[in-house]
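The structure under discussion appears below in the form of structure tokens.
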Amino acid sequence: MIHIKKTMCVCAVILAVISRISPVFGAFEYIGLGWPAATANIKVLGQHPHQFVVNPALMESGLCPQISLSYQNPFQSLDLQAGSVTIYNSIWQRPYIHSLEYFGDEQYSELKFINGTTWKLEEGFRVGVTVNYHRLAITGFNCRQGVTLSLGSYAELSDQIKVGSVVEHAIQWGQNISLPQKFQMGGQYEMGPAKIVLALEKESALPVEACLGLLISSGSLLQIGVGYRDLSGMMSAGWRMRTQRISLHYACVMHPLLPVSHGFGLELILP
């Protein structure tokens, strides 16, 4: 069974080459990567480096430098691999996020390099921006690459209610690859040890997808997450164990038509 997004990308590249059309649409959005996959891959809210990559407005000043490593086996029995390295740090009291993501196999690969930062406009409200470099390569064809700019926001309406939004690929440079714009918005409600997260995603030419996530924390050591995406029918679950300097996580993504994906991650808080 061939990965659906991989097939779409290959067909798009072949069609573009044959018809000599310059823009080529890439995927670059494997949704099973990182800890947020455990709660339906909702990245507009949360306090994890993989969420900072999509919505840098989530970052706060004064957080300790952190490095996060993730590995995913997308759709077991296929030869695809996915992984990322993400670094959070502060320079002159301004937080920055840097991430390198990979998805693919020997014939097909996607590479994404992200840099982002945030600004605090007023108490409880921040905006962020990321500059993203994308590279798509398929054996036998020329590599396609481009640069995009994404915008994000985050607001704390109360101690229990938070909201966030992102416009991915709002601005794009590069004529030989085209990435569809995606709008995401979500809200989080904290209820004791539980966090309920609801997000809506709208990608160009696709219907709106509702994503529901539930995160339960057992003290400061263990987190358990579950999630569901209604358009694709994907379900997910995972756990995360945290200590003062290190965290380990596991996430499982179940697609109704494709094999299960398993992923692991390690986060280190630097002294």
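The values are calculated or read from the model by the stated rules, or taken from the named source; none is laboratory data. Every value quoted in this text rests on a predicted model; they were computed, and no experiment measured them. Reconstructed Cβ throughout: ideal geometry from the backbone, glycine too, with neighbour counts over all protein chains shown.
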Discussion item. Being under 21 Å from the mean Cα position of the chain (by Cα), farther than 15 Å from HIS169 by Cβ, touching a residue at least 24 places away in the same chain (Cβ under 8 Å) and buried (at least 21 other Cβ atoms within 10 Å of the Cβ) is the requirement here; does THR148 meet it?
Written reply: no
Practice prompt. Check the range 171-194 and report whether any residue there is part of a strand (DSSP E or B), exposed (fewer than 15 other Cβ atoms within 10 Å of the Cβ) and of a type in the set (Ser, Thr, Tyr).
Written response: yes
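One line per residue, one yes/no per condition, for (1) farther than 22 Å from LYS195 by Cα; (2) within 17 Å of the chain's Cα centre (by Cα); (3) not in a loop (DSSP other than H, G, I, E, B); (4) not acidic (Asp, Glu):
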site	(1), (2), (3), (4)
LEU231	yes, no, no, yes
GLN244	no, no, no, yes
ALA251	no, yes, yes, yes
LEU258	yes, no, no, yes
LEU268	yes, no, yes, yes
Worksheet item: Out of all the residues in the range 195-210, is one or more touching a Lys or Arg at 6+ places or on another chain (Cβ under 9 Å), buried (at least 21 other Cβ atoms within 10 Å of the Cβ), of a type in the set (Asp, Glu) and modelled with pLDDT of 90 or more?
Response: yes
Worksheet item: Looking only at residues in the range 231-260 that are touching a helix residue (DSSP H, G or I) at 6+ places or on another chain (Cβ under 8 Å) and crowded, with 20+ Cβ neighbours inside 10 Å, which one is nearest to PRO74 (Cα to Cα)?
Response: VAL253
Worksheet, complete the sentence: Here the residues within the range 195-211 that are in a loop (DSSP other than H, G, I, E, B) and either closer than 17 Å to GLY227 by Cα or of a type in the set (A, V, I, L, M) (or both) are ALA205, LEU206, VAL208
Fill in: Among the residues listed as GLN66, GLN76, the single one being closer than 28 Å to MET234 by Cα, at pLDDT below 95 and either in contact with a strand residue (DSSP E or B) (Cβ under 8 Å, 6 or more places away or on another chain) or charged (D, E, K, R) (or both)
GLN76
Worksheet item: Residues of the range 212-226 being assigned to a strand (DSSP E or B) and either under 9 Å from ILE42 (Cα atoms) or among the hydroxyl-bearing types (Ser, Thr, Tyr) (or both), which ones?
Response: LEU212, GLY213, SER217, SER218
Item to complete: Specify the residue that is surrounded by the most Cβ atoms within 10 Å (Cβ to Cβ); the eligible residues are those in the range 42-55 that are out of contact with any strand residue (DSSP E or B) (no Cβ under 7 Å at 6 or more places or on another chain) and part of a loop (DSSP other than H, G, I, E, B).
Response: LYS43
Worksheet item: What tally of residues in the range 94-142 results from selecting those that are among the charged types (D, E, K, R), farther than 20 Å from ASP79 by Cα and either part of a loop (DSSP other than H, G, I, E, B) or at pLDDT below 90 (or both)?
Response: 2
